[in-house]
1. Using modelled amide H (1.01 Å from N, peptide plane; none on Pro or chain starts), what sits under 5 Å from the amide H of V124, excluding residues fewer than 5 places away?
2. How big is the dipole moment of the chain about its Cα centre under a simple scheme where the beta carbon of each Lys and Arg is +1, that of each Asp and Glu is -1, and everything else is neutral? Debye, nearest 20, please.
3. Near K84, which aspartates and glutamates are there with a Cα under 13 Å away, not counting those fewer than 8 places off in the same chain?
4. Arrange I9, I177 by Cβ neighbour counts within 10 Å, fewest through most, would you?
5. Can you give the relative contact order of the chain as a percent, counting alpha carbon pairs under 8 Å and 6+ residues apart?
6. Taking the chain as the reference, fit the longest principal axis to its C-alpha atoms, fit the long axis of helix 165-175 to the helix C-alpha atoms, and give the angle between the two in degrees, 0 to 90, nearest 10.
7. So how strong a dipole does the range 21-105 carry about its Cα centre when Lys and Arg Cβ are +1 and Asp and Glu Cβ are -1, to the nearest 20 debye?
8. Can you give the net charge of the other residues whose Cβ lies under 13 Å from the Cβ of S26, counting K and R as +1 and D and E as -1?
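None of the figures in this text is laboratory data; all of them are computed from the coordinates on show. Note that this is a predicted model, so its numbers are computed, not measured. Cβ atoms come from the backbone with ideal geometry, glycine included; neighbour counts cover every protein chain shown.
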Amino acid sequence: MPPKSPAAILFDVDGTLMDDRRAVLSALTSFHSRVGRELGISADDLVIRWRELLQLHFGRYLAGEITMREQRRARVIDLFTASKINLSPEMADGIFETYESDYRASWAAYPDALPALEVLNGYVLAVLSNGDLAQQTDKLRVGGMVRHFSRIFTSSDVGRAKPDPDAFSRACQRLDISPNHCIFVGDSLELDARASAVAGLKGIWLDRTCNGADPGSDIRVIRSLLELPALIDA
């Protein structure tokens, strides 16, 4: 008997299951109340700068150039380069911990995430996310979703980061399911939907912002995870 199609559904975490944007903004609001005067920038400018540093140094982490702790330190050191000369790694760790405490306290799942997973519970459900396995697992636990997933894969675990097709292929291999019997759902058109399609999975783009980009004929688009069960049944 051929495998159920799809045999597995894989999900991204941040921006797909967990409202990471809201958590970051909430944490940065608190962070700015503590350090904004020293930095001499507005709350809005802090958000912009933080995203720039995240893109730079988290990208280095995903490429295997530095560790998770080192990318966190580098972001803090660069942020305070004008106001804290010769900031030590230990001091940078302490500063980042003040931000991370508020960030973790702000973790929350999107309202549509858990209801959708409950409807899809008859499928093999898994996660593939860029980042640290322990942290992403903690997020899913806080969001009440971890019990729904048979496996949780991250770039630190599989040794490749999205959009590398090998990241998707390795996850499917560990599930012992062919990529062409797997669906991938994520909020990034490029990193999730198109990249998973290149690896042989069926890419579904969760476009929460309705930005109007053309995904192409091979990518299906949903605006909410609650649309996913009907799309799969169809």
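1. I9
2. Values: 27 positive and 32 negative charges, 51 e Å.
It comes to approximately 240 debye.
3. Qualifying aspartates and glutamates at Cα under 13 Å: E38.
4. Numbers: I9 22, I177 19.
Least crowded to most crowded, the residues run I177, I9.
5. Working: 361 pairs, mean separation 55.3, N = 234.
Computed over the chain, the figure is 24 percent.
6. Taking the Cα atoms of the chain, the angle to 165-175 is about 60 degrees.
7. On the way: 13 positive and 12 negative charges, 37 e Å.
With Lys and Arg at +1 and Asp and Glu at -1, about 180 debye.
8. On the way: positive: R21, R22, R104; negative: D19, D20, E100, D102.
Summing Lys/Arg as +1 and Asp/Glu as -1 gives -1.
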